[in-house]
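K.L.:
Dropping a structure here in structure tokens format, bear with me for questions.
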Amino acid sequence: MGILSDVNLLLKGYRGKQAYDGTIYISALSNPNFSPKLNLVLPDVVSSRFCNFYAFSSNGLLFLDDFEGDSLIWNPLSDDEEIEFKDDEEVEFKDDQELEFEDDQELDFEDDQELPTDEYQVELYSVNSNSWKPISYPPQAHPFFDWSICIDGVYFWVAFDRAGVFIVSFNFADEEFSTFPIPECDIWRDDDVQLIEFDGSLAIAIYPPPSNAERHFDIWVWNGISWTKKFTTEPLRCVLRLLGFSKNGKHMFFEGSNYQLLLYDLETKELKDTGIHDDHRGTLQLIHYVESSAQLSGKSSDIKNKEV
């Protein structure tokens, strides 16, 4: 068993007063109290260039995207295993495969907006063969990758066409796309909508802007056929956004108004400060992680991660 064998949550953050003059970190949260166990030593290319990035984990690998066209696949249990993508590629991965979307465009929900008409060219990348192959993508499904998540080998993201908003999924096992609706509920223009993982299933959190420094959160869970409203939280004070759930679904993680990591116990209704703070809004991210022996280059080396 490896050093991350008892870890199922990683926390990504950023410390530094200036947006491009700070330090990115990924901490492994130990069970069951979710305190930092160790900090992962990030690849040099991340610490020097990826000033802010989106990350997710699949099959023991981490995918990092710096929002500026550069992406990286990295094995945190190895010092030297990484694959870097450049030139405006958007890549998502599972096992030994990655998914690339070309000609991505800025999208908006404005009523009078002229929707893009370009077809998306999508290619699937294999680490084992180091090659790309084209695959068909649902026509006119314009993606919002800011609203996306990978769960157990299936990647989900929000998309829209002239008929409305829906969810697209890609199953890396059978290399198939599918689409399904969002929950049938009132979603207002100012509401925040977020895809999350709840007890191994896809869930969506819908929450309105704060009222008197309080927010409540509606949680809907997808069972593969339909949506079920799981629960609505009580109004929570000084909470900016939901980061995700613990593996057992009994705790929620939030970013607080002072950019701190907050832990909410769904049974006791207690909201507490974990003592983990960031210096910028929106840089905290919770990553579900499962340790794996998946290899990128065919070899591994001793881990150099630092105990906290």
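The values are calculated or read from the model by the stated rules, or taken from the named source; none is laboratory data. In this text the structure is predicted, and so the values were computed from the model without any measurement. When we count neighbours, we look across all protein chains shown, and the Cβ atoms used for this are built from the backbone with ideal geometry, even at glycine. For accessibility, only protein heavy atoms count, side chains too; no ligands or nucleic acids. Shrake-Rupley method; radii C 1.70, N 1.55, O 1.52, S 1.80 Å.
K.L.:
In the set Trp147, Trp227, which member is modelled with pLDDT under 85 and among the aromatic types (Phe, Trp, Tyr)?
P.N.:
The unique qualifying residue is Trp147.
K.L.:
Given the structure, is Gly256 more than 18 Å from Gly13 (Cβ to Cβ) and modelled with pLDDT of 90 or more?
P.N.:
Answer is no for this residue.
K.L.:
Another question, if that's okay. I'd like to verify a number: residues in region 152-183 that are closer than 13 Å to Ile204 by Cα, assigned to a strand (DSSP E or B) and either within 14 Å of the chain's Cα centre (by Cα) or among the aliphatic types (A, V, I, L, M) (or both), how many?
P.N.:
4
K.L.:
Right, another one. Go through region 32-51 and give me each residue that's modelled with pLDDT of 70 or more, open to solvent by 30 Å² or more (accessible area, probe 1.4 Å) and assigned to a loop (DSSP other than H, G, I, E, B).
P.N.:
Of everything in region 32-51, those that are modelled with pLDDT of 70 or more, open to solvent by 30 Å² or more (accessible area, probe 1.4 Å) and assigned to a loop (DSSP other than H, G, I, E, B) turn out to be Asn33, Ser35, Val41.
K.L.:
While we're looking at this one, here's another question. Counting only residues that are at positive phi and either assigned to a strand (DSSP E or B) or modelled with pLDDT of 85 or more (or both), which one in region 262-308 is least open to solvent (accessible area, probe 1.4 Å)?
P.N.:
Result: Gly275.
K.L.:
Thr179 fails exactly one of the following numbered conditions: (1) of a type in the set (S, T, N, Q); (2) open to solvent by less than 60 Å² (accessible area, probe 1.4 Å); (3) touching a residue at least 12 places away in the same chain (Cβ under 8 Å). What is the number of that condition?
P.N.:
Exception for Thr179: condition (2).
K.L.:
Within the group Phe63, Phe67, Phe56, which residue is within 17 Å of the chain's Cα centre (by Cα), more than 16 Å from Ser246 (Cα to Cα) and modelled with pLDDT under 75?
P.N.:
It is Phe67.
K.L.:
Another one. Condition first: open to solvent by less than 50 Å² (accessible area, probe 1.4 Å), small (Gly, Ala, Ser), more than 26 Å from Gly282 (Cβ to Cβ) and touching a residue at least 40 places away in the same chain (Cβ under 8 Å). Can you find one or more residues in region 161-168 that meet it?
P.N.:
No, because not a single residue in region 161-168 is open to solvent by less than 50 Å² (accessible area, probe 1.4 Å), small (Gly, Ala, Ser), more than 26 Å from Gly282 (Cβ to Cβ) and touching a residue at least 40 places away in the same chain (Cβ under 8 Å).
K.L.:
Working only within region 119-131, note down all residues that are modelled with pLDDT under 80 and part of a strand (DSSP E or B).
P.N.:
Tyr125, Ser126, Ser131
K.L.:
Tell me, please, whether a residue that is under 25 Å from His288 (Cβ atoms), at pLDDT 85 or above and among the hydroxyl-bearing types (Ser, Thr, Tyr) can be found in region 136-144.
P.N.:
There is no residue in region 136-144 that is under 25 Å from His288 (Cβ atoms), at pLDDT 85 or above and among the hydroxyl-bearing types (Ser, Thr, Tyr).
K.L.:
Moving on to the next point. Anything in region 119-151 that is aliphatic (A, V, I, L, M) and under 16 Å from the mean Cα position of the chain (by Cα)? List them, or say none.
P.N.:
Ile149, Ile151
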